[in-house]
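The values are calculated or read from the model by the stated rules, or taken from the named source; none is laboratory data. Keep in mind that this is a model prediction, so the values were computed, not measured. Neighbour counts run over all protein chains shown; Cβ positions are idealised from the backbone, glycine included.
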Amino acid sequence: MKFTSTVASLILAFAAGSTSAAPFPGGNVEVMDLSKPQGGNIEVLDVAQPKGGNVEVMDVSKPQGGNIEVLGAFDGGFAKVCRDIMLTNRIVNGKPVYSVRAICPDWMDQNFKTELQLNRCLMNDFGHLKWANLGHFDDSCYDCKLLSATDDVKMACTCAVGAKGTIGTTIALNEGIRNQGGAMWCGTQIGTRVPA
């Protein structure tokens with residue numbers, strides 16, 4: 001069964017007051033005791049890309065209640081909802097540290113300025129940029145720039161190829177960076193977030 005149809009069944013069951021929903025791969029999803037006041041919300045933020053969808057259950061003991069958020073593809077897609085995307089760099093210990101900045105909305109449409117250090121997201125694999133938590137690509141890549149700030153958000157860099165010199169390489173940042181709650185993420189790494 002597709003992830004989106006399972007989520008749709010869960011939402012319909014929740015709205016109807018049912019205590020169970022359609023089968024979920026690997027078992028059933030049960031909604032327990034809907035009569036409790038701290039019950040919480042079910043929010044479906046993006047089911048356009050169900051592959052890799054992430055279901056996050058927040059702490060229901062907090063006064064605002066818990067949420068189940070379907071956040072869309074875990075791997076990326078920030079360029080669809082974020083604006084003013086730019087690449088910045090600063091020099092730390094004689095080396096550039098690259099970050100991507102943008103203004104992104106949270107699930108309540110409030111905008112936040114968010115910044116994500118790309119050394120937390122990318123690695124240099126013999127001259128090719130690849131997604132990796134804490135990959136520190138900028139230890140061996142330099143002269144990075146955005147070729148486009150819309151759609152795929154393509155970044156180009158010059159990267160070392162072991163002892164064989166350097167080559168030019170590109171990567172589409174939109175494939176691995178996502179907006180979650182007004183902050184940019186890559187894998188398990190979260191960027192900073194302040195009100196816009």
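Quick notes on this one:
- The sole residue among C159, C104 that is of a type outside the set (F, W, Y), under 18 Å from M86 (Cβ atoms) and modelled with pLDDT of 95 or more is C104.
- Within the range 72-103, if we keep just the residues that are more than 19 Å from the chain's Cα centre (by Cα) and not polar (S, T, N, Q), the residue that is surrounded by the fewest Cβ atoms within 10 Å (Cβ to Cβ) turns out to be G94.
- Output for the range 159-173, where each listed residue is more than 16 Å from L147 (Cα to Cα) and exposed (fewer than 13 other Cβ atoms within 10 Å of the Cβ): G162, A163, K164, G165
- Matching residues, the range 132-156, being in contact (Cβ under 8 Å) with a residue 40 or more places away in the chain, buried (at least 19 other Cβ atoms within 10 Å of the Cβ) and in a strand (DSSP E or B): C144, M155
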